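See structure below.
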Amino acid sequence: MRQFMAYYTYRMFKGVSLDRLRQKVEANLALYEPGTVGPQISVKLYEGQGCSAILLGYLKHEEAVFMPVGYQLGCIWMDVRYQDGDWWDLTIYEGTEHRVSHDVNPWAHEDRHEYNQEHIDFRIRRVCEFWPELAARIERYLLPWRVPSSKLGRTRFVRREGKAYEADECGYGDADQINDFVRAFGIGGSSRSVLLGPSA
């Protein structure tokens, strides 16, 4: 299920059925007058394992239209973002409250990233606490793409080799790993989905 947009987000809602998410999304789209942004948006919804998701592109108004959905549902929800082929990251909310953010490739922002293993371990644990039923499956995807390597008293960071799981399509260092990660939640492939909007 590779996507070909430069930026996109899977907005995943824990404990929310596809039908319930569809009702909420349709209600939000209906708030906009005909001919305005709401009726012009096409969006795909997926059913996962104990969750459902919206696949968002980075069109001008999608964030404004769909950001309130997580607030309205009041559940645990997570944005999993693909960033122009350079990395993917995630942020978890509970209702309106931010709970944790995690980036597998912070070096994409700055070469001299301050590496702190305790902080990384904490964030990985926090993500898994919100999805305990999938923790053993997803924690390998959350490992940073580089690992410290010391030689002659100097530490540098080298690429982490391999994949989270051998059956995955993509390994560490490949932003398309995001698709293997969301498949761990039952999203993509043959999962039930529905397209809403003018092109549906």
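The values are calculated or read from the model by the stated rules, or taken from the named source; none is laboratory data. Just so it is clear, the structure is predicted and the values come from calculations on it, not from any experiment. No Cβ is skipped: glycine too gets one built from the backbone with ideal geometry, and neighbour counts run over all protein chains shown. Just so you know, the surface numbers come from the protein's heavy atoms only, side chains and all, with ligands and any DNA or RNA stripped out. Shrake-Rupley method; radii C 1.70, N 1.55, O 1.52, S 1.80 Å.
Placing unit charges on each Cβ (+1 for Lys and Arg, -1 for Asp and Glu) gives the chain a dipole about its Cα centre, and among Ile92, Asn28, Phe130 the Cα reaching farthest toward its positive end belongs to Phe130. Phi-derived couplings, Karplus 6.51 cos²θ - 1.76 cosθ + 1.60 at θ = phi - 60°, listed residue by residue for segment 156-163: 10, 10, 10, 4, 6, 8, x, 10 Hz, with x used for Gly and Pro. Considering only protein heavy atoms and a probe of 1.4 Å, how much of the accessible area of the chain is carbon and sulfur, as a whole percent? In the chain, the share of accessible area belonging to carbon and sulfur is 48 percent.
Which value, in debye to the nearest 20, describes the size of the charge dipole of the chain about its Cα centre when Lys and Arg Cβ atoms bear +1, Asp and Glu Cβ atoms bear -1, and nothing else is charged?
Details: 25 positive and 28 negative charges, 54 e Å.
With only Lys, Arg, Asp and Glu charged at Cβ, the dipole is about 260 debye.
Amide H contacts of Ala164 (H built 1.01 Å from N, in plane; Pro and chain starts excluded): Tyr172 sit under 5 Å, all sequence-distant by 5 or more or on other chains. Once backbone amide H atoms are built at 1.01 Å from N, Gln49 has Gly186, Ile187 as its partners under 5 Å, excluding neighbours fewer than 5 places away on the same chain.
Mind checking the angle between helix 117-130 and the chain's longest principal axis? C-alpha axes, 0 to 90 degrees, to the nearest 10. Around 30 degrees separate the two axes. Put simply, the amide H of Arg99, placed in the peptide plane, has neighbours under 5 Å in Ile92, Tyr93, Glu94, leaving out anything fewer than 5 places away on its chain.
Ellipticity at 222 nm from helices only: DSSP H runs of n ≥ 4 in the chain, each -39500 (n - 2.57), divided by the residue count, give -7500 deg cm²/dmol. What's the longest bit of the chain with no exposed GluC sites (Glu not before Pro), using DSSP loop states and at most 15 other Cβ atoms within 10 Å as the test? In short, 1-109.
For helix 18-29, what angle does its Cα long axis make with the longest principal axis of the chain, in degrees from 0 to 90 and rounded to 10? The answer is roughly 70 degrees. Pairwise inverse Cα distances across the chain, averaged and inverted, put the Kirkwood hydrodynamic radius at 17.9 Å.
Compute the relative contact order of the chain as a whole-number percentage, counting only Cα pairs closer than 8 Å that sit 6 or more residues apart in sequence. It would help to have the intermediate numbers written out before the result.
Values: 341 pairs, mean separation 50.2, N = 200.
With pairs under 8 Å counted, the relative contact order is 25 percent.
3J(HN,Hα) couplings calculated from phi for segment 182-190 with the Karplus curve 6.51 cos²θ - 1.76 cosθ + 1.60 (θ = phi - 60°) are, in sequence order, 5, 5, 4, 9, x, 9, x, x, 9 Hz; Gly and Pro show x. For segment 81-195, the residue among Ser149, Tyr172, Pro106 whose Cα projects farthest onto the positive side of the dipole built from Cβ charges is Ser149. Magnitude of the charge dipole for segment 82-200, about its Cα centre and with charges confined to Cβ atoms of Lys, Arg (+1) and Asp, Glu (-1), is about 340 debye.
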